[in-house]
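S.K.: Please read through the structure below; I'll follow up with questions.
The values are calculated or read from the model by the stated rules, or taken from the named source; none is laboratory data. Keep in mind it's a predicted model, so treat the numbers as computed, not measured. Cβ: placed from backbone, ideal geometry, glycine included. Neighbour counts: every protein chain shown. Just the protein is used for accessible areas: all its heavy atoms, side chains included, with ligands, DNA and RNA removed. Shrake-Rupley method; radii C 1.70, N 1.55, O 1.52, S 1.80 Å.
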Amino acid sequence: MLAVACTVQAAPAAPAQPAVAEWCRKLTPRLPTVSEATCQASRLAPTGSRSVQGVPILARRVAAAGKPGRDGPLRVLLVGGIHGDELTASAVVFQWMQWLQQPPAPQFQWNIVPVLNPDGMLAAKPQRMNANGVELNRNFPTPNWDKEAPRYWSRVTGSDPRRFPGKTPLSEPESRWLNEEIMRFKPHVIVSVHAPFGVLDFDGPAKAPNRFGRLLFNRVGVYPGSLGNYGGVHKNVPVVTIELANAQAMPTQEEARRIWLDMLAWIERNIRPQAALQKAQSGLPEAPALALAGRN
Ligand SMILES: [Zn+2]
């Protein structure tokens with residue numbers, strides 16, 4: 001299966017430094033504790049996709065260190081800032097990226113998107129939705145989306161503009177990009193960071209985490225079009241939702257570190273057996289797409 005890596009186009013071009021520098025100049029004033037210099041040193045690269053307003057969606061892709069075991073490294077997709085007003089949910093991802101070289105993180109293959117919704121974050125007042133007013137976390141193509149998502153929006157939320165799921169699933173470039181990235185990268189686990197509910201939620205196969213740092217498991221709910229519902233329930237990819245306790249004020253560095261380390265330990269303990277089980281059940285070799293990730 002090694003020969004097929006050539007079919008993959010997902011690897012970013014060499015980092016376009018001016019684009020990244022411009023991105024950092026614009027975005028970091030919104031991000032608590034993240035300096036422009038830290039942002040520029042984070043080795044983010046353009047993915048080739050852009051938000052509605054044309055802001056590049058940046059990602060950092062990191063191959064696993066050392067020799068992969070028989071089953072290859074676990075692939076972790078880490079997404080911050082799907083909601084533009086949850087500033088800490090992006091800032092903490094920048095903090096975690098600084099610890100990627102410290103065990104046990106290097107054993108995993110990473111795909112990290114600190115800000116999925118840059119337009120929401122850059123709005124005059126940071127907002128949950130993207131520039132089209134769409135709540136991206138309701139825009140994923142769960143079954144019966146056409147009926148359920150609009151009905152949920154009107155009946156349960158009272159047509160709350162902050163919960164508008166869009167007119168069709170994947171109508172937005174940001175959700176479309178993430179969906180394509182899930183298909184290309186084939187993550188073993190997706191970690192989606194939010195705020196301010198101060199809990200953990202989990203969807204999909206594998207054992208739910210009990211706690212990361214002070215955050216305890218507590219189901220937030222399953223919604224038509226949400227990433228957890230789509231990934232965890234319908235694509236069979238475990239999705240952990242981390243809800244930090246405050247959307248503007250960062251957790252202490254000690255707490256951020258505890259959340260990070262507890263998360264890595266949970267992934268190692270629960271996702272590896274799950275991945276091996278799925279592989280055995282499918283009888284298929286590992287997806288080839290993953291040969292693509294360069295170490296950057
Ligand atoms: Zn959120």
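S.K.: Which of (1) out of contact with any helix residue (DSSP H, G or I) (no Cβ under 8 Å at 6 or more places or on another chain); (2) within 15 Å of the ligand (Cβ to nearest atom); (3) not hydrophobic (A, V, I, L, M, F, W, C) does residue 194 not meet, given it meets every other one?
M.R.: (1)
S.K.: Checking residue 132 against (1) surrounded by fewer than 16 Cβ atoms within 10 Å (Cβ to Cβ); (2) away from the ligand (no atom under 16 Å from the Cβ), which test does it fail?
M.R.: Going through the list (1) surrounded by fewer than 16 Cβ atoms within 10 Å (Cβ to Cβ); (2) away from the ligand (no atom under 16 Å from the Cβ), residue 132 breaks only (1).
S.K.: Restricting attention to the range 103-128, which residues are among the hydrophobic types (A, V, I, L, M, F, W, C) and in contact with a helix residue (DSSP H, G or I) (Cβ under 8 Å, 6 or more places away or on another chain)?
M.R.: Within the range 103-128, 105, 108, 112, 113, 115, 116, 121, 122 qualify.
S.K.: Report, by residue number, each residue of the range 76-121 that is within 13 Å of the ligand (Cβ to nearest atom), open to solvent by less than 10 Å² (accessible area, probe 1.4 Å) and touching a Lys or Arg at 6+ places or on another chain (Cβ under 7 Å).
M.R.: Within the range 76-121, 83, 84, 120, 121 meet the criteria.
S.K.: Say whether the condition of being surrounded by 17 or more Cβ atoms within 10 Å (Cβ to Cβ) and within 15 Å of the ligand (Cβ to nearest atom) is met by at least one residue in the range 253-265.
M.R.: no
S.K.: While we're here: Just one of the numbered conditions (1) modelled with pLDDT under 95; (2) not in a loop (DSSP other than H, G, I, E, B) is not true of residue 205; which one?
M.R.: Unmet for residue 205, out of (1) modelled with pLDDT under 95; (2) not in a loop (DSSP other than H, G, I, E, B): (2).
S.K.: Right, another one. Only residues that are assigned to a loop (DSSP other than H, G, I, E, B) and away from the ligand (no atom under 16 Å from the Cβ): list them for the range 228-248, please.
M.R.: In the first step, residues of the range 228-248 are kept if they are assigned to a loop (DSSP other than H, G, I, E, B); the result is 235-238, 244-248.
Of everything in the range 228-248, those that are assigned to a loop (DSSP other than H, G, I, E, B) and away from the ligand (no atom under 16 Å from the Cβ) turn out to be 235, 236, 237, 238.
S.K.: While we're on this one: Regarding the range 55-75, can at least one residue be identified that is within 16 Å of the ligand (Cβ to nearest atom) and either assigned to a loop (DSSP other than H, G, I, E, B) or touching a residue at least 40 places away in the same chain (Cβ under 8 Å) (or both)?
M.R.: Within the range 55-75, not a single residue is within 16 Å of the ligand (Cβ to nearest atom) and either assigned to a loop (DSSP other than H, G, I, E, B) or touching a residue at least 40 places away in the same chain (Cβ under 8 Å) (or both).
S.K.: Here's a follow-up. Report yes if residue 235 is open to solvent by 60 Å² or more (accessible area, probe 1.4 Å) and either under 16 Å from the mean Cα position of the chain (by Cα) or in contact (Cβ under 8 Å) with a residue 40 or more places away in the chain (or both), otherwise no.
M.R.: Against the criterion (open to solvent by 60 Å² or more (accessible area, probe 1.4 Å) and either under 16 Å from the mean Cα position of the chain (by Cα) or in contact (Cβ under 8 Å) with a residue 40 or more places away in the chain (or both)), residue 235 qualifies.
S.K.: Can you tell me which residue among 161, 205 is touching a residue at least 12 places away in the same chain (Cβ under 8 Å), under 19 Å from residue 264 (Cα atoms) and away from the ligand (no atom under 14 Å from the Cβ)?
M.R.: Of the residues listed, the single one that is touching a residue at least 12 places away in the same chain (Cβ under 8 Å), under 19 Å from residue 264 (Cα atoms) and away from the ligand (no atom under 14 Å from the Cβ) is 205.
S.K.: Identify the residue in the range 173-211 that is among the small types (Gly, Ala, Ser) and more than 22 Å from residue 128 (Cα to Cα) and, among all such residues, is surrounded by the fewest Cβ atoms within 10 Å (Cβ to Cβ).
M.R.: Of all residues in the range 173-211, those among the small types (Gly, Ala, Ser) come to 175, 192, 195, 198, 204, 206, 208.
From what is left, the residues that are more than 22 Å from residue 128 (Cα to Cα) are 204, 206, 208.
Details: 204: 20, 206: 25, 208: 15.
Among those residues, the one meeting the criterion is 208.
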